[in-house]
Amino acid sequence: MSHQYDVAVIGAGPAGSVVSALLQRRGWRVCVLEKQHFPRFVIGESLLPHCMEMLEEAGFTEALKAEPRFQFKNGAAFTWGSRYTYFDFTDKFSPGPGTTYQVRRDVFDHILIQEAAKQGVEVRFGHGVTAFDNSGDSARLSVETDEGRQYTLEARFVLDASGYGRVLPRLLDLETPSSLPVRMAHFTHIDDNITSPKFDRNKILITTHPVQRNVWFWTIPFGDNRCSIGVVGLAEDLAGDSETVLKKWVYECPMLAEILDKAVWDNGFPFRSIQGYSANVKSLYGRHFALLGNAAEFLDPVFSSGVTIAMHSAKLAAELLDKQFKGKEADWQGEFAEPLMLGVNTFRTYVNGWYDGRFQDVIYAENRNPDISRMLSSILAGYAWDSNNPYVDKAERRLAALAELVGPATCA
């Protein structure tokens, strides 16, 4: 077993799979270190269409199309009280795919890393990184297997795609508090048995609580009569055991109570919760390393931006690292950090606008302007880096003006 590579990737999730395949396809020797064994459960199950560009470039799309449990997705629907509206991602401002999938992440992540391995990427499951030394001409990772064996791996560059594990931020003291409040989510998978024509399985359904607008729900249908369902809110509002809290809040929402009238909750899938998931770092890169996706920053699950940010960061890093390895000057601030944060900050504007009510007012406004809806649809479809879109280029100012124009929405 060799311990010398061009690139070591920490984590075999979507960012790790995509970046390793992109670099392998460019001719570089890549090793992925993954502490867990796959398949394993993780949340973040509704992809955005922009993801399909990176998945196609990495050579993964044919394998995804062959998985029957994945659900075709063409938009996002929103409901609040008796109100219902939606965005069609094929009717958007930005160029690029308008459809994608809603996926079981244990299956999805396993498919991606298997496809990367087929392309020649070396993948080591059960290998966790315990220390990082970037003082020399290359990076040195201390690795421990789940059987207790220890070794050192050397690489010209390390990409941390460890997600919530946040390996290098912890080892290098890069973590810094998020500006977002501490929220939590309770969730599970149900046998939904939905027959109501009001529910479109080709769209994620986002539900605003009829009274507490800072509490919302996701309903993500899969291709086998199952849904992922979760509630998100401030920790103090959602205290209690996950099953009790989730069911209580779900059945307070008119549309959810109606479409889930035949749902089977007791199907062997556990009720789970996560709390304080928003995270930030002092720097996205340093000597011999860069941080990808959730290892760098995670905002909020409301617009399913996490996997999209992860894959976009993977594409940026692969392109820049290929350039650096070929002896050209690589500007990690100007060609990685700043371009990545354009999209992150765009999403941040609309996440904040969702929770302070402005973006909800825009979404639930009657008779939305079609041109503006197409611009917003692009952002919700993941094209948060398209600076030709006025609602990306001047996101905060445009959102504020639009919210003022439409005025406060009411729960009908």
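What follows is calculated from the coordinates using simple rules that are stated; it is not laboratory data. Everything numeric in this text was worked out from a predicted model, so none of it was measured. Every residue, glycine as well, gets a Cβ built from its backbone with ideal geometry; the counts of neighbours run over all protein chains shown.
Give the distance, in whole Å, between the Cα centre of the range 334-412 and the Cα centre of the range 192-217. What the calculation gives is 21 Å, centre to centre.
Listed by chain and number, the lysines whose alpha-carbon sits under 27 Å from that of Lys315, ignoring those within fewer than 8 places in the same chain, are Lys35, Lys65, Lys73, Lys92, Lys118, Lys203, Lys282, Lys323, Lys326, Lys328, Lys394.
Across all Cα atoms of the range 57-215, the radius of gyration (one decimal) and Dmax (whole number) stand at 21.4, 62 Å.
What does the highest-first list of 10-17, 69-76 look like by mean Cβ count within 10 Å? Kindly include the intermediate steps, with their values, before the conclusion.
Numbers: 10-17: 31.5, 69-76: 20.0.
Most protected by this proxy first, the peptides run 10-17, 69-76.
Here the translational diffusion coefficient of the range 45-141 follows from Stokes-Einstein with Rh set to the Kirkwood radius across Cα pairs; for 10 °C and 1.306 mPa s it amounts to 96 µm²/s. Note: the chain, Cα convex hull, 137 Å³ per residue. The shape of the range 265-403 comes out oblate: with a ≥ b ≥ c from the C-alpha gyration tensor, a/c is at least 1.5 while a/b does not beat b/c. In vacuo Debye scattering of the range 183-275, one point per C-alpha: log10 I(q)/I(0) at q = 0.18 Å⁻¹? Once normalised to I(0) and log-transformed, intensities are -0.75. Computing FRET efficiency as 1/(1 + (r/R0)^6) for Val107 and Leu405, where r is the C-beta to C-beta distance and R0 is 35 Å, gives about 0.20. What is the angle, in °, between the Cα long axis of helix 370-380 and the longest principal axis of the Cα atoms in the chain? Nearest 10 is fine, range 0 to 90. Its long axis makes an angle of about 40 degrees. Normalised by the number of residues in the chain, the mean separation of alpha-carbon contacts (under 8 Å, six or more apart) gives a relative contact order of 21 percent.
Annotation for Leu234 and Leu171: the two label points, set 7 Å from Cα along the Cα-Cβ direction, are 3.8 nm apart. At a Cα cut-off below 17 Å, give the lysines reachable from Lys247, other chains included and same-chain residues fewer than 8 away excluded. In chain and number order, the partners are Lys262.
Across q = 0.14, 0.20, 0.26 Å⁻¹, the range 126-203 modelled as identical point scatterers on its alpha-carbon atoms has Debye log10 I(q)/I(0) values of -0.70, -0.97, -1.30, in the order of the q list. Stretching the chain fully between Val182 and Lys328 yields a gain of 48.3 nm (0.36 nm per residue, less the alpha carbon separation). Taking the average, over residues, of other Cβ atoms within 10 Å as the packing measure, peptides 192-204, 261-273 rank 192-204, 261-273 from highest down. Given R0 = 51 Å, the distance between the Cβ atoms of Asp393 and Arg272 translates into a calculated FRET efficiency of 0.85. Cross-link partners of Lys248 among aspartates and glutamates, defined as those whose alpha carbon lies under 16 angstrom from its own and excluding same-chain residues fewer than eight positions apart: Glu236, Asp237, Glu258, Asp261, Asp266.
Note that the range 64-108 carries a Kirkwood radius of 12.4 Å, evaluated over its alpha carbons pair by pair.
Note on the chain: helix-only mean residue ellipticity at 222 nm, from DSSP H runs of 4+ residues weighted -39500 (n - 2.57) and normalised by residue number, equals -9500 deg cm²/dmol. Between Thr152 and Gln119, the contour length at 0.36 nm per residue exceeds the Cα-Cα span by 9.4 nm.
Peptide packing for 350-357, 395-402, 153-160 was compared via the average number of neighbouring C-beta atoms within 10 Å per residue; ordered from the highest value, the list is 153-160, 350-357, 395-402.
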